[in-house]
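Heads up, the thing below is written out as structure tokens.
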Amino acid sequence: MINITIINGPNLNLLGKREPSVYGNESFEDCLAQLKKDFPQVNFTYFQSNVEGELVNAIQENGFTQDGIILNPAAYTHTSVAIGDAIASIKTPVIEVHISNVHAREDFRKISHVSAKAVGSIVGLGLKGYALATEWFVSKSENV
Ligand code: DQA
């Protein structure tokens, strides 16, 4: 089994209800159920928090044992040096995912404290970004 932790930041617990024109109508619970169906070889762990320090704790706690972390730090992407430092401090590779195209929105969303520390970023492809990130970790584990 491949062990992947998905970590979502603030307000992503409201996916499906929150600004559907930007983030779509699907809840993250539905997305996760689909991921589990599509990737039976992956053992998914899911964590969401609206609290910055809890995200740092989750990155540290998952960062030495898991095969991959898929991280959407939401608004903290643009403000949190602590989350960037946490990614730099761990062994597990992190893929940054954003549902919306942050580069096509307000200027403050163009800054990421995460991108430079992540192995890569997937932005603007909706919830499909989580499946694409999973696929990358799966193909990476098949090629070792
Ligand atoms: C987001 C983009 C962020 O700018 C925003 O604050 C979010 C969600 C995304 O997934 O598109 O909450 O990370």
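Summary table
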quantity	calculated
Ser80 being touching a residue at least 12 places away in the same chain (Cβ under 8 Å), within 12 Å of the ligand (Cβ to nearest atom) and of a type outside the set (A, V, I, L, M)	yes
Odd one out for Lys91 among (1) of a type outside the set (Phe, Trp, Tyr); (2) in a loop (DSSP other than H, G, I, E, B); (3) more than 16 Å from the ligand (Cβ to nearest atom); (4) out of contact with any Phe, Trp or Tyr (no Cβ under 6 Å at 6 or more places or on another chain)	(4)
Flag if Gln66 is touching a residue at least 60 places away in the same chain (Cβ under 8 Å) and of a type outside the set (Phe, Trp, Tyr)	yes
Any hit, the range 57-78, residues being in contact with a His (Cβ under 7 Å, 6 or more places away or on another chain), closer than 22 Å to His103 by Cα and modelled with pLDDT of 95 or more	yes
Residue tally, condition farther than 22 Å from Ser121 by Cα and open to solvent by less than 50 Å² (accessible area, probe 1.4 Å), over the range 14-52	2
Residue among Val81, Val94, Val56 that is open to solvent by 70 Å² or more (accessible area, probe 1.4 Å) and either within 16 Å of Ile6 (Cα to Cα) or of a type in the set (A, V, I, L, M, F, W, C) (or both)	Val81
Qualifying residue in the range 104-122 (condition: touching a residue at least 60 places away in the same chain (Cβ under 8 Å) and either within 12 Å of the chain's Cα centre (by Cα) or buried (at least 20 other Cβ atoms within 10 Å of the Cβ) (or both))	no
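The values are calculated or read from the model by the stated rules, or taken from the named source; none is laboratory data. Because the structure is predicted, anything quoted here is derived from the model rather than measured. All Cβ positions, even for glycine, are placed from backbone atoms using ideal geometry, and neighbour counts span all protein chains on display. Protein only, heavy atoms only, side chains kept; ligands, DNA and RNA dropped before computing areas. Shrake-Rupley method; radii C 1.70, N 1.55, O 1.52, S 1.80 Å.
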